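Scroll down for the structure; my scribbles are underneath it.
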Amino acid sequence: QVQLVESGGGLVQAGGSLRLSCAASGRTDNLYYMGWFRQAPGKEREFLARVTSGGMTYYGDSVNGRFTISRDNVKNVVYLQMNSLKPEDTAVYYCAVRKALASSWEYWGQGTQVTVSS
């Protein structure tokens, strides 16, 4: 089992920045993908970004260059730097991990609320 704990959410004004962190613990071997998702009220969960253990990144369409994902393989932490935040970025943000042989995201954090005021 892998446990994920997100932190760094909160209330920010439009145009501001936040940095989310997600720490993995437990059986952290072979955490190939670490990623971020979000879910706004009444909407489906949305993929934001993922990063491989080798540092390769991939972003969802909604990010538009405003978010940057990174990870620390020693600490087993994944980060999401969010800049130029907009009210429509308001959501619960979740991190997830996927091991090397898995076909889907296996473990999820409990989520952290991000609220962007106009």
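The values are calculated or read from the model by the stated rules, or taken from the named source; none is laboratory data. Keep in mind that what you see is a predicted model, and the values were worked out from it rather than measured. A quick note on method: Cβ atoms are made from the backbone with ideal geometry, for glycine too, and the neighbour counts reach across all protein chains shown. Each accessible area value is taken on the protein alone, full model and side chains, heavy atoms only, with ligands, DNA and RNA left out. Shrake-Rupley method; radii C 1.70, N 1.55, O 1.52, S 1.80 Å.
Which one of V74, V92, V51 has the biggest mean-square fluctuation once the chain is modelled by GNM with Cα springs under 10 Å? Between V74, V92, V51, it is V74 that shows the largest mean-square fluctuation.
List the trypsin sites (Lys or Arg not before Pro) within the stretch 1-78 that DSSP assigns to loop and that have no more than 16 neighbouring Cβ atoms inside 10 Å.
Details: sites: R19, R27, R38, K43, R45, R50, R66, R71, K75; in loops: R27, K43, R45, R66, K75.
Qualifying residues, ordered by number: R27, K43, R45, R66, K75.
Model label sites at D61 and S84, defined 7 Å from Cα along the beta-carbon direction, differ in position by 1.8 nm.
When the accessible area of the stretch 9-55 is computed with all protein chains present and a 1.4 Å probe, what percentage of it is carbon and sulfur? Carbon and sulfur together cover 42 percent of it. Result for the chain in a Gaussian network model with C-alpha springs under 10 Å: among G60, G42, G15, the largest mean-square fluctuation is at G42. Computed extension gain for D72 through A102, at 0.36 nm per residue and net of the alpha carbon distance, reaches 8.7 nm. Which of the lysines could be linked to K43 by a straight reach, that is with a Cα gap under 19 Å, when you skip same-chain ones fewer than 8 residues away? The reachable lysines, counting only those whose Cα sits under 19 Å from K43, are K86.
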